[in-house]
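Below is one structure; the comments refer to it alone.
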Amino acid sequence: MKKFLFFCLISSTMMAQQKPFVANYDESKVGTITLPDPLIIGSKKISSQADWEKNRATWLTLFADQMYGQIPKKSVKQTNTLISQKEILGGKAVQSIWKMDFAGKVQATVVVILPKSSKKAPVFMGLNFCGNQTISTDDGIPIFDKYVVCNNDPKFINNISQAASRGEWASRWQIEKVIDAGFGTITAACGDFEEDFATGYKNGVRTKLAIELGLKPEDWTANGAWAWGLSRMLDLAQSIQQIDGKKVILHGHSRLGKAALWAGANDRRFAAIISNESGEGGAALSRRIYGETIWRITNSFPHWFLPRYASYADRENELPFDQHILLSLMAPRPVYVASAFGDQWSDPKGEFLSAKEMEKVYALYGKKGLGNIDMPGLNQPVGKLIRYHIRDGKHDINEYDWEQYIKFGKEEVK
């Protein structure tokens, strides 16, 4: 624990002492990069689906040891309690509030919104940044009372949600559009599993469930805690009769896109995975040195990754993997990677190339990748089972993105 806290202190001190970070946005400075081959593990060449299935755990272990930390192998007693339920959207949907309790030590509130139908619904599942109340103006959703990354007064004061924050990020969820398409929505605040700051682990699952889960806080990371939480939300979803538990589409934006990818790699029950502008440490290739880098992200957010990952700053070519291999671990499930032109910080081209490199593994399953295509134009989605788009606009998840994700869900999952 002392080493963990020491790293956080040293990282902050180093960032303050060094010159301001200047991101590279010049493609000519990226140069030629050589990526690790996902089909070569040690001295072994992977040539079949069976080989990949037998050896994929080696890649998972590398990511766990070098970047995201461990995922608990032990289970913990989970009690799911329905708190409230009512019709919304003029009777088109049913909104339920659930409380998940873990060994009496950690609680998480989950919002489940499903089409009013006799059929089991496929659902989109993801964490939110600033409290469940931000996804909708409905006053039946409790106001989140833990630390959030939002802090624009009067909706959030001292990083605590206020009543005025209801519906603040409704545009990022497009609940009615999702319902009209026949899908449900499931979400919880990431802070219920770990608050998003350097010592947020003290009040989260990494500390409070350390004994039950058999891991010390420094054995894993905030990304791991959020990924673990997503799997527990999937446990809840699969226990709800009105949900098709085999058609849960996992999605995440920005830092929560990183967590979604790590969850999707470890928990193959998720039917499909969507990465929305997850950038460095998510879908983007670290070796490209474009936009955000390992040095910048690990100094700004030391709790997201292991200290070992920070040691690869300025020596990215020594990484034993890159993010295309993380994406490859989703095989053979559908994957959608999305970028925004106004979000060069997340390296759109690096995200595209990462998705393109997945095809080597997907080919083992007889699945097609993005194929022989170059970086697509704005608002021109490409691919099928593996898809990619770059839209105009800023770092966000908006109506255009959701239109593509719904189409993706209908064609590849529903």
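The values are calculated or read from the model by the stated rules, or taken from the named source; none is laboratory data. None of these values were measured; they are calculated from a predicted model. Cβ placement follows ideal geometry from the backbone for every residue including glycine, while neighbour counts extend to all protein chains displayed. To get the accessible areas, we keep the full protein, side chains included, count just its heavy atoms, and leave off ligands, DNA and RNA. Shrake-Rupley method; radii C 1.70, N 1.55, O 1.52, S 1.80 Å.
Results for (1) of a type in the set (F, W, Y); (2) open to solvent by less than 50 Å² (accessible area, probe 1.4 Å); (3) closer than 22 Å to H251 by Cβ, shown as yes or no for each residue.
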residue	(1), (2), (3)
R308	no, no, no
Q323	no, yes, yes
A340	no, yes, yes
P348	no, yes, yes
F352	yes, yes, yes
A363	no, no, no
P381	no, no, yes
K410	no, no, yes
K414	no, no, yes
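Yes/no matrix, rows are residues, columns are (1) within 25 Å of W304 (Cβ to Cβ); (2) of a type in the set (G, A, S):
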position	(1), (2)
G126	yes, yes
I141	no, no
K146	yes, no
N159	yes, no
A163	no, yes
E176	no, no
A198	yes, yes
L234	yes, no
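Is it true that some residue in the range 63-70 is closer than 30 Å to P332 by Cβ and open to solvent by 60 Å² or more (accessible area, probe 1.4 Å)?
Initially, the range 63-70 is screened for residues closer than 30 Å to P332 by Cβ, giving 63-70.
Checking the rest, the ones that are also open to solvent by 60 Å² or more (accessible area, probe 1.4 Å) come to none.
Checking the range 63-70: not a single residue is closer than 30 Å to P332 by Cβ and open to solvent by 60 Å² or more (accessible area, probe 1.4 Å).
Out of R232, R268, R287, which single residue is farther than 29 Å from L82 by Cα and either of a type in the set (D, E, K, R) or free of Cβ contacts under 8 Å to residues at least 60 places away in the same chain (or both)? Before you say what the answer is, go through the steps one by one.
Working: R232 fails: farther than 29 Å from L82 by Cα; R268 fails: farther than 29 Å from L82 by Cα.
Only one candidate passes the filter, namely R287.
Please work out which one of (1) within 16 Å of R56 (Cβ to Cβ); (2) among the charged types (D, E, K, R); (3) surrounded by fewer than 20 Cβ atoms within 10 Å (Cβ to Cβ) is the condition D374 fails and give its number.
(1)
Are any of the residues in the range 142-158 within 21 Å of V248 (Cα to Cα) and assigned to a loop (DSSP other than H, G, I, E, B)?
Going residue by residue through the range 142-158, those that are within 21 Å of V248 (Cα to Cα) are none.
No.
So, in the range 21-46, of the ones that are open to solvent by 50 Å² or more (accessible area, probe 1.4 Å) and in contact (Cβ under 8 Å) with a residue 12 or more places away in the chain, which residue ends up nearest to L236 (Cα to Cα)?
Only one residue tops the list, namely G42.
Among the residues of the range 239-246, is there at least one that is under 30 Å from Q66 (Cβ atoms) and open to solvent by 10 Å² or more (accessible area, probe 1.4 Å)?
Initially, the range 239-246 is screened for residues under 30 Å from Q66 (Cβ atoms), giving none.
No; the residues of the range 239-246 include none that is under 30 Å from Q66 (Cβ atoms) and open to solvent by 10 Å² or more (accessible area, probe 1.4 Å).
Can you give me the ranges of the helices (runs of 4 or more DSSP H) entirely in the range 267-380 with at least 3 residues that are closer than 22 Å to N24 by Cβ? Working first, answer last.
Working: elements: 294-300, 307-310, 323-328, 348-356, 359-362.
Because the criterion is at least 3 residues that are closer than 22 Å to N24 by Cβ, the helices (runs of 4 or more DSSP H) in the range 267-380 that meet it are 294-300, 348-356.
For the range 381-414, which residues satisfy the criterion of being of a type in the set (K, R) and part of a loop (DSSP other than H, G, I, E, B)?
Within the range 381-414, K384, K394, K414 meet the criteria.
If we keep just the residues of the range 313-352 that are of a type in the set (F, W, Y) and free of Cβ contacts under 8 Å to residues at least 60 places away in the same chain, which is nearest to G264 (Cα to Cα)? Please lay out each step first, then the result.
First pass over the range 313-352, keeping only residues of a type in the set (F, W, Y): 321, 336, 341, 345, 352.
When the remaining residues are screened for being free of Cβ contacts under 8 Å to residues at least 60 places away in the same chain, the result is 341, 352.
Working: F341: 26, F352: 18 Å.
Restricting to residues being of a type in the set (F, W, Y) and free of Cβ contacts under 8 Å to residues at least 60 places away in the same chain, the top hit is F352.
Could you list, in sequence order, the residues of the range 204-246 that are more than 17 Å from V112 (Cβ to Cβ), polar (S, T, N, Q), outside any loop (DSSP other than H, G, I, E, B) and under 17 Å from the mean Cα position of the chain (by Cα)?
To start, the set of residues in the range 204-246 that are more than 17 Å from V112 (Cβ to Cβ) comprises 204-228.
Going one step further and asking which of them are polar (S, T, N, Q), we end up with 207, 221, 223.
Still in the list and also outside any loop (DSSP other than H, G, I, E, B): 207, 223.
Matches in the range 204-246: N223 only.
Which numbered condition trips up G342, out of (1) under 27 Å from W169 (Cα atoms); (2) touching a Phe, Trp or Tyr at 6+ places or on another chain (Cβ under 8 Å); (3) small (G, A, S)?
For G342, the failing item is (2).
Whether any residue in the range 386-396 is over 22 Å from the mean Cα position of the chain (by Cα) and either surrounded by fewer than 14 Cβ atoms within 10 Å (Cβ to Cβ) or modelled with pLDDT under 95 (or both) is what I want to check.
To start, the set of residues in the range 386-396 that are over 22 Å from the mean Cα position of the chain (by Cα) comprises none.
Scanning the range 386-396 turns up no residue that is over 22 Å from the mean Cα position of the chain (by Cα) and either surrounded by fewer than 14 Cβ atoms within 10 Å (Cβ to Cβ) or modelled with pLDDT under 95 (or both).
Is at least one residue of the range 53-61 open to solvent by 60 Å² or more (accessible area, probe 1.4 Å) and acidic (D, E)?
Yes: one or more hits.
Condition check ((1) open to solvent by 10 Å² or more (accessible area, probe 1.4 Å); (2) among the polar types (S, T, N, Q)) across all residues:
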residue	(1), (2)
N151	yes, yes
K155	yes, no
I186	no, no
E195	yes, no
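Report every pair of residues separated by at least 6 positions or lying on different chains whose Cβ atoms are under 6 Å apart, first residue within the range 63-92 and more than 30 Å from P38 (Cβ to Cβ), second surrounded by 16 or more Cβ atoms within 10 Å (Cβ to Cβ) and aromatic (F, W, Y).
Qualifying pairs under 6 Å: V76/F102; Q78/F102; N80/W98; L82/W98.
Over 21 Å from T221 (Cβ atoms), acidic (D, E) and modelled with pLDDT of 95 or more, is that true of D65?
Details: over 21 Å from T221 (Cβ atoms): no; acidic (D, E): yes; modelled with pLDDT of 95 or more: yes.
No, not satisfied.
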